[in-house]
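Engineer: Below is one structure. I have some questions about it.
Just so it is clear, none of the values below were taken in a lab; they were calculated from the coordinates. What you are looking at is a predicted structure, and each value in this text was computed from that prediction instead of being measured. We place every Cβ from the backbone using ideal geometry, glycine too, and count neighbours over all the protein chains shown.
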Amino acid sequence: MKWAPALFGLLALALWQAAVWIEHVPVYVLPGPLAIVGAFAADPVGLLTALASTLLVTFAALFVAAVLGGAMAVAMSASRLAQAAIQPWAVALQVTPLPAIAPLIIIWVGDPFVALVVCATIVAFFPLFANTASGLASAPPELDDLFRLYGARRWQTMALLRLPAALPYFLSGLRISGGLALVGAVVAELVAGSGGFASGLAYRILEASFRLEMPRMFAALVLLAIAGIVLNFGLGAVGRMILRRRGVA
Amino acid sequence: MLTVNTVGRVFPGGIEALRDTSLRMDETDFIALLGPSGCGKSTLLRLIAGLDQPDSGRLDWDGGAPVPGDIGFVFQDATLLPWSTAEDNVFLPLRLRGMTRAEAMPLVHAALHRVGLAGFETARPRALSGGMRMRVSIARALVTKPRLLLMDEPFAALDEFTRHKLQADLLEVWKQAGCTVVFVTHSIYEAAFLARRIVLMTPRPGKIAAEIASSLQPVAETRLDPAYAALVTEISRAMAAALA
Ligand SMILES: Nc1ncnc2c1ncn2[C@@H]1O[C@H](COP(=O)(O)OP(=O)(O)O)[C@@H](O)[C@H]1O
Ligand SMILES: [Mg+2]
């Protein structure tokens with residue numbers, strides 16, 4: 001059972017390679033898996049450096065989104081006024097398609113790295129914000145009553161009840177936002193093109209497609225997919241570890 | 001200690017949860033508030049705790065209004081902080097009034113010991129059974145040495161064996177702590193076994209219908225006493241009359 005996904009994957013790759021060989025599909029239409037591995041082997045440093053650049057944007061954006069999303073959720077939970085002021089803007093930000101505003105952001109924010117981080121942050125922000133907000137409100141009302149009974153100050157209820165209750169929600173938001181930050185970084189790079197940072201994996205994909213270097217383009221795509229999967233599982237594992245250490249998972 | 005004076009409470013939407021409810025509680029009383037669900041028992045308890053305000057009537061406290069720690073509250077669920085150990089959960093009321101851990105720990109351990117949880121100080125709620133979680137909740141309510149302990153159907157979700165044990169242990173805790181207990185229940189058997197005074201409530205609007213005094217010994221063996229069965233019968237008859 002455990003090996004079923006790997007076996008299935010290998011089988012699919014073998015069929016793909018066989019189809020490409022038997023049908024003599026030209027490499028600029030669809031490269032086989034071996035050609036893709038070959039393209040990676042031809043320039044591993046270049047592709048991995050590009051991946052590192054994209055991941056740098058991803059993690060920077062994830063960090064900013066975690067801090068901003070968390071802080072705004074806390075502000076909202078602490079004050080009704082803040083809630084009324086923040087909520088509609090957060091939703092507006094969420095429903096705005098990134099490709100539509102990325103060009104503006106890239107023009108406004110002079111520095112290309114910062115511009116990419118801003119774009120990826122916009123995509124990664126909402127799950128962190130919304131999850132933390134519902135986590136802060138997730139404690140059962142009896143516990144609120146208990147804190148009131150003992151005359152707890154607002155900051156005490158926040159520190160001892162709401163924030164700890166929100167942690168699992170924040171961590172699952174972080175996992176969702178990790179993947180989104182990567183997507184945001186890639187989309188922003190694609191929009192920016194050569195006018196942007198010009199060092200990320202998405203730019204390598206653009207470049208390879210212009211030159212019809214399909215195997216290289218696919219190699220970059222595969223790297224991106226692997227990075228996304230590792231990011232997702234990694235953030236999930238970190239979250240589970242933190243919750244286990246706190247005795248709540 | 002406290003006189004509830006013709007108190008009324010109408011919730012938004014027009015539900016009259018309590019009307020003209022009067023009840024006097026004295027030092028070391030053990031009162032059971034007994035009635036079918038929806039008759040306003042929890043509402044009355046929350047008013048006494050200061051978690052809700054009456055729309056009419058007054059609460060008159062002998063010797064001044066209570067300060068935090070004078071009242072302990074035990075809910076139907078243990079309502080523990082799942083990320084905190086048993087001792088940190090019991091520490092909470094003291095922590096909220098600014099006591100340091102070092103100052104509080106002797107009191108915390110004494111409270112856990114009193115409910116039979118010595119040795120479980122560092123256990124998390126997940127690792128404890130339902131009955132043990134309820135014991136932590138009772139220790140948390142006792143740790144401030146409250147004058148008044150309010151309990152809202154605390155054993156309703158437990159199995160019968162655990163419930164019997166906790167009821168008997170609660171009597172011991174009450175005798176040692178010397179506080180007043182107001183215990184909400186919808187079980188006639190529980191009210192008859194525990195309380196010195198059994199106060200019957202009826203719904204729509206919530207009212208106090210009758211009060212029955214118990215002369216049973218507050219000990220575990222009472223359950224086998226024919227007088228206990230007689231009291232259950234007496235309460236059942238009074239409840240049937242009140243609801244008729
Ligand atoms: N916060 C509230 N808002 C509106 N109605 C309420 C509220 N709390 C209780 N009630 C209503 O008041 C009545 C008495 O409730 P409660 O005191 O919880 O009864 P009991 O504890 O005896 O089961 C019920 O009809 C209940 O639906
Ligand atoms: Mg109730």
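Engineer: Going by a ≥ b ≥ c, the root eigenvalues of the Cα gyration tensor, does chain B fall in the rounded group (a/c under 1.5), the prolate group (a/b larger than b/c) or the oblate group? Before the final figure, lay out each step's value.
Structural biologist: Details: a/c = 1.83, a/b = 1.31, b/c = 1.40.
Taking the square roots of the gyration eigenvalues as a ≥ b ≥ c, chain B is oblate.
Engineer: Roughly how crowded by other chains is peptide B:77-86, in terms of the mean Cβ count from those chains within 10 Å of each of its Cβ atoms? Spell out each step's value before the answer.
Structural biologist: On the way: counts 3, 1, 8, 2, 8, 7, 8, 5, 1, 0.
Mean partner-chain Cβ count within 10 Å for B:77-86: 4.
Engineer: Next up: Report the label-to-label distance for A:V29 and B:K165 in nanometres (one decimal), using points 7 Å from each Cα along the Cα→Cβ vector.
Structural biologist: Taking the simple label geometry, A:V29 and B:K165 are separated by 7.5 nm.
Engineer: Let me know the mean shielding of A:141-154 by other chains, meaning the per-residue number of their Cβ atoms within 10 Å of its Cβ.
Structural biologist: Working: counts 2, 8, 6, 2, 7, 14, 3, 4, 15, 13, 7, 6, 2, 0.
For this peptide, the per-residue mean of nearby foreign Cβ atoms is 6.
Engineer: Say the dipole of the protein assembly as shown comes from +1 at the beta carbon of Lys and Arg and -1 at that of Asp and Glu; which of A:Q87, B:A213, A:A52 then lies farthest toward its positive end?
Structural biologist: The one lying farthest along the dipole's positive direction is A:A52.
Engineer: Right, another one. With the convex hull built on the Cα atoms of segment B:149-244, state its orientation-averaged projected area in nm².
Structural biologist: On the way: hull surface 25.3 nm².
Averaged projected hull area, Cα only: 6.3 nm².
Engineer: Between A:S209 and B:E211, with labels modelled 7 Å along Cα→Cβ, what's the label distance in nm to one decimal, could you check?
Structural biologist: 8.2
Engineer: Related question: Check every DSSP H run in chain A and write down those whose alpha carbon atoms cover 27 angstrom or more along the long axis and whose mean Kyte-Doolittle hydropathy is 1.6 or greater.
Structural biologist: Values: long enough: A:4-23 (28 Å, 1.52); A:44-78 (50 Å, 1.96); A:112-136 (35 Å, 1.84); A:163-192 (40 Å, 1.53); A:214-245 (46 Å, 1.39).
Result, helices passing both filters: A:44-78, A:112-136.
Engineer: In debye, nearest 20, what is the charge dipole magnitude of segment A:163-249 about its Cα centre with +1 on Lys and Arg Cβ and -1 on Asp and Glu Cβ, if you could check? Mind dumping the intermediate values first?
Structural biologist: On the way: 8 positive and 3 negative charges, 102 e Å.
Using Cβ point charges on Lys, Arg, Asp and Glu, segment A:163-249 gives about 480 debye.
Engineer: Let me check against my output: what whole-number percent is the relative contact order of chain B, with C-alpha pairs under 8 Å and at least 6 apart? Before the final figure, lay out the partial values.
Structural biologist: Values: 456 pairs, mean separation 66.1, N = 244.
Across chain B, relative contact order equals 27 percent.
Engineer: Still on this model: Out of the trypsin sites (Lys or Arg not before Pro) in segment A:152-249, which ones are loop residues according to DSSP with at most 15 other C-beta atoms within 10 Å? Mind showing how you got there, number by number?
Structural biologist: Working: sites: A:R153, A:R154, A:R162, A:R175, A:R204, A:R211, A:R216, A:R240, A:R244, A:R245, A:R246; in loops: A:R153, A:R211, A:R246.
Sparse-neighbourhood loop trypsin sites (Lys or Arg not before Pro): A:R153, A:R211, A:R246.
Engineer: What whole-number value in cubic angstrom gives the convex hull volume per residue for the C-alpha atoms of segment A:109-198?
Structural biologist: Values: hull volume 7.9 nm³, N = 90.
About 87 Å³ per residue, rounded to a whole number.
Engineer: For chain A, what's the relative contact order in percent, using C-alpha pairs closer than 8 Å and at least 6 residues apart? Display every interim value, and only then the final one.
Structural biologist: On the way: 290 pairs, mean separation 67.3, N = 249.
Once normalised by length, the contact order is 27 percent.
Engineer: Pop out the ³J(HN,Hα) list for segment B:181-198 in order, Karplus 6.51 cos²θ - 1.76 cosθ + 1.60 with θ = phi - 60°, rounded to Hz; leave Gly and Pro as x.
Structural biologist: Once θ is set to phi - 60°, the couplings for segment B:181-198 become 10, 10, 10, 7, 7, 10, 9, 4, 4, 5, 4, 5, 6, 8, 8, 7, 10, 10 Hz.
Engineer: Let me ask something else. Which of rounded, prolate or oblate describes segment A:42-245 when judged by the alpha-carbon gyration tensor and an a/c cut-off of 1.5? Walk me through the numbers before you get to the answer.
Structural biologist: Working: a/c = 3.57, a/b = 2.02, b/c = 1.77.
In terms of gyration-tensor shape, prolate.
Engineer: Once you have a ≥ b ≥ c as the square roots of the Cα gyration tensor eigenvalues for segment B:67-179, tell me rounded if a/c is under 1.5, and otherwise prolate or oblate according to whether a/b is larger than b/c. Intermediate values should be presented prior to the final figure.
Structural biologist: Working: a/c = 1.61, a/b = 1.23, b/c = 1.32.
In terms of gyration-tensor shape, oblate.
Engineer: Okay, next question. Report the local net charge at B:D29: Lys and Arg +1, Asp and Glu -1, summed over other residues whose C-beta lies under 12 Å from its C-beta.
Structural biologist: On the way: positive: B:R24, B:R147, B:R196, B:R197; negative: B:D26, B:E27, B:E211.
Overall, the nearby charge balance is +1.
Engineer: Using the charge dipole of segment A:42-245 (Lys, Arg: +1 at Cβ; Asp, Glu: -1 at Cβ; taken about the Cα centre), state which of A:P99, A:V222, A:M72 has its Cα farthest towards the positive end.
Structural biologist: A:M72
Engineer: Going through the DSSP H helices of chain B, which span 15 Å or more along their own axis at the Cα atoms while scoring at least -1.0 as a mean Kyte-Doolittle hydropathy? All intermediate terms of the calculation are to be shown ahead of the outcome.
Structural biologist: Numbers: long enough: B:86-96 (16 Å, 0.33); B:101-114 (19 Å, 0.03); B:130-142 (18 Å, 0.37); B:160-177 (25 Å, -0.70); B:226-243 (26 Å, 1.02).
Once both thresholds are applied, what remains is B:86-96, B:101-114, B:130-142, B:160-177, B:226-243.
Engineer: Okay, next question. For the protein assembly as shown, treating each Cα as an identical point scatterer without solvent, what Debye log10 I(q)/I(0) comes out at q = 0.11 1/Å?
Structural biologist: -0.94
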